[in-house]
Amino acid sequence: VENEIEEIRKEMESIRSDIKATEREKNIQEEQLKKYINLRYEKKCPVCGRPITEDLVENLVNEENKKLNSSMEKLNELNSKINELEKIKSEKSGILESLKKDEKELNSLKIEKVRYEKEIENIRKDVEKISEIMNEIENGRNEIKKYENIDSEIKKLKDEIKSLEIYHDE
């Protein structure tokens, strides 16, 4: 889009240059038209000395008017092109701004994604630690189960010791 905008800018620059050249040409034609109109008041041509007739002046004026009208039409066309290109450039600029905004949002989302990925990795590590702790707790429970009946074993042993003591004493 940036390249398209640059191409439009270059084309507009070229058209503006054409407009300036056409305006200069139009100004020259207007000056020439005035000279031809003023020839009506001359009896002889100031350049070649021929007699000046109304038909000659009329033909020169008509010819110069055609050139002038052609230049005016060309100016109108060029100005229309400029306006059209301005509109297209404006639309492209709007698209470019939208794309830049979307790009910023995308970059922001990428940063956020990386942050979430780090958080997920930390959570995975925590889950692994929790799994290890759960295994340790389970092993501890199994160890405790070994000693679950220890009170009754101790009581049995105490009873047996008493019996043996009584037996020994006898």
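Once the Cα atoms are used to define both axes, helix 2-38 deviates from the longest principal axis of the chain by about 10 degrees.
Pairs of lysine in the range 105-170 with Cα under 29 Å and at least 8 positions apart or on different chains: total? Close lysine pairs found across the range 105-170: 16.
Couplings 3J(HN,Hα) of the range 92-107, computed from phi: 5, 5, x, 5, 4, 4, 4, 5, 5, 5, 4, 5, 4, 5, 4, 4 Hz, in residue order, whole Hz [Karplus 6.51 cos²θ - 1.76 cosθ + 1.60, θ = phi - 60°; x for Gly and Pro]. Here the range 1-69 is treated as a Stokes sphere of Kirkwood radius computed over C-alpha pairs; at 10 °C and 1.306 mPa s its diffusion coefficient rounds to 109 µm²/s. Relative to one another, the C-alpha centroids of the range 98-149 and the range 63-77 are positioned 78 Å apart. Estimated at 0.36 nm per residue, the fully extended path between residue 103 and residue 156 surpasses their Cα-Cα distance by 11.1 nm. Residues whose amide H lies under 5 Å from that of residue 52, counting only those 5 or more places away or on a different chain, are 44, 45; hydrogens are built 1.01 Å from N in the peptide plane. Listed by chain and number, the lysines placed with their C-alpha closer than 18 angstrom to that of residue 34 are 26, 43, 44, 66, 67; residues fewer than eight positions away on the same chain are left out.
Atom-type composition of the exposed protein surface of the chain places 51 percent of the accessible area on carbon and sulfur (1.4 angstrom probe).
The phi torsions of the range 119-127, fed into the Karplus equation with coefficients 6.51, -1.76 and 1.60 and a -60° offset, translate into couplings of 4, 4, 4, 5, 5, 4, 4, 4, 5 Hz, rounded to whole numbers, with Gly and Pro shown as x. A simple spin-label model places pseudo-atoms 7 Å from Cα toward Cβ; at residue 85 and residue 21 they are separated by 1.3 nm. Karplus-derived 3J(HN,Hα) values for the range 44-60, using 6.51 cos²θ - 1.76 cosθ + 1.60 with θ = phi - 60°, are 10, 5, x, 8, 9, x, 5, x, 9, 10, 5, 5, 4, 4, 4, 4, 4 Hz; glycine and proline are entered as x.
Excluding ligands, DNA and RNA, the accessible surface per residue across the range 36-76 is 78 Å² with a 1.4 Å probe.
The values are calculated or read from the model by the stated rules, or taken from the named source; none is laboratory data. The shown structure was predicted, so the numbers you read here are calculated from the model rather than taken from an experiment. Here Cβ is always computed from backbone atoms with ideal geometry, including for glycine, and neighbour counts include all displayed protein chains. For the accessible areas, the whole protein counts, side chains as well, though only heavy atoms, and no ligand, DNA or RNA atoms are used. Shrake-Rupley method; radii C 1.70, N 1.55, O 1.52, S 1.80 Å.
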